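Participant: Take a look at the following structure, please.
The values are calculated or read from the model by the stated rules, or taken from the named source; none is laboratory data. Everything numeric in this text was worked out from a predicted model, so none of it was measured. Ideal geometry is used to build each Cβ from the backbone, glycine not excepted, and the neighbour counts take in all protein chains shown.
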Amino acid sequence: MKKTLFLMLALLWGISAMAQYAVPQWNQGDLKKKGAVLAIQGEKLDQAATEAILLQVGGPEMVDSWNKYRQERGWGIGLTAGGFTLAAAGFCFGSVYLVGGIFASMFAAIGGQEAVDNVWSELGPMVQAGTIGFFTGLAAGTTGIVLLCIGNSNLRKMAQTCDAAGLPPSVEVTFGPTPSGVGFALRF
């Protein structure tokens, strides 16, 4: 009984492993990039099916390139989101202390130049920190946009290469009613 159960589990595991790496068939024009995976007629494939298609079309080098471009795209998304968030936070932080410093300087001016200098010695580093955060965030966000665009472009080109390797589109000639009457129609 234990042997039979073990054999059945091994068989199910083998079938599921083979199904996981089965390469779906597609016609030319049906395969597109959707996010960081491939899609056939708009339906996203999982990462294993995407890698199986890439392996069939271009071998392990194509899979490695796809994963590299996926990482570029992921870093681009992260840097863009994080960078522009840092830029917004730095702008707000620096602006609050700058405006506060201006108002504090107006009131401190009554006490003389030394009082104004004291205000800016306390608030100046905060304004500088906000400015540094703003420009660092802008640089990171801009770098992220560049990485995102490059990664997406390369993934799209690879998807087009895979699409061209698909089954040729079906062509059929039929006889019957057409928009201009009765005759032959070429459908592709």
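Participant: Quick check on Leu54: is it modelled with pLDDT under 95 and either of a type outside the set (A, V, I, L, M, F, W, C) or at negative phi (or both)?
Facilitator: yes
Participant: Name the residue that is surrounded by the most Cβ atoms within 10 Å (Cβ to Cβ), counting only residues in region 87-100 that are over 25 Å from Thr142 (Cα atoms) and either among the charged types (D, E, K, R) or in contact with a helix residue (DSSP H, G or I) (Cβ under 8 Å, 6 or more places away or on another chain) (or both).
Facilitator: Step by step, filter region 87-100, then rank; the result is Tyr97.
Participant: Taking the condition of being surrounded by 13 or more Cβ atoms within 10 Å (Cβ to Cβ) and either in contact (Cβ under 8 Å) with a residue 12 or more places away in the chain or under 15 Å from Val127 (Cβ atoms) (or both), how many residues in region 101-116 meet it?
Facilitator: Residues flagged as surrounded by 13 or more Cβ atoms within 10 Å (Cβ to Cβ) and either in contact (Cβ under 8 Å) with a residue 12 or more places away in the chain or under 15 Å from Val127 (Cβ atoms) (or both) within region 101-116 amount to 4.
Participant: Quick test for you: out of Leu31, Leu86, pick the one residue that is modelled with pLDDT of 90 or more, within 23 Å of the chain's Cα centre (by Cα) and closer than 24 Å to Leu148 by Cβ.
Facilitator: Only one candidate qualifies: Leu86.
Participant: Just to check your reading of the model, which residue among Val23, Val37 is among the β-branched types (Val, Ile, Thr) and modelled with pLDDT of 90 or more?
Facilitator: Val37
Participant: Which pairs turn up if I take residues in region 61-79 that are touching a residue at least 40 places away in the same chain (Cβ under 8 Å) and look for partners that are part of a helix (DSSP H, G or I) and among the aromatic types (Phe, Trp, Tyr) with beta carbon separation below 7 Å, at least 6 apart in sequence or on another chain?
Facilitator: That search, which allows pairs on different chains as well, returns nothing.
Participant: Next up: Please specify each residue of region 120-135 satisfying the condition of being in contact with a Gly (Cβ under 8 Å, 6 or more places away or on another chain), over 23 Å from Thr80 (Cα atoms) and of a type outside the set (Val, Ile, Thr).
Facilitator: Trp120, Leu123, Gly124, Met126
Participant: Those residues that are among the hydrophobic types (A, V, I, L, M, F, W, C) and under 20 Å from Cys92 (Cα atoms), I need them from region 109-151; list them, please.
Facilitator: Matches in region 109-151: Val119, Trp120, Leu123, Met126, Val127, Ala129, Ile132, Phe134, Phe135, Leu138, Ala139, Ala140.
Participant: Still on this model: Of all the residues that make up region 135-188, how many are aliphatic (A, V, I, L, M), loosely packed, with under 10 Cβ neighbours inside 10 Å and at pLDDT below 75?
Facilitator: 3
Participant: Would you say Thr80 is at pLDDT below 95, β-branched (Val, Ile, Thr) and in a helix (DSSP H, G or I)?
Facilitator: No, not satisfied.
Participant: Let me ask something else. Applying the selection to region 36-54, what residues are without any contact (Cβ under 8 Å) to a residue 24 or more places away in the chain and not in a loop (DSSP other than H, G, I, E, B)?
Facilitator: Val37, Ala39, Ile40, Glu43, Lys44, Gln47, Thr50, Glu51 - these are the residues of region 36-54 that are without any contact (Cβ under 8 Å) to a residue 24 or more places away in the chain and not in a loop (DSSP other than H, G, I, E, B).
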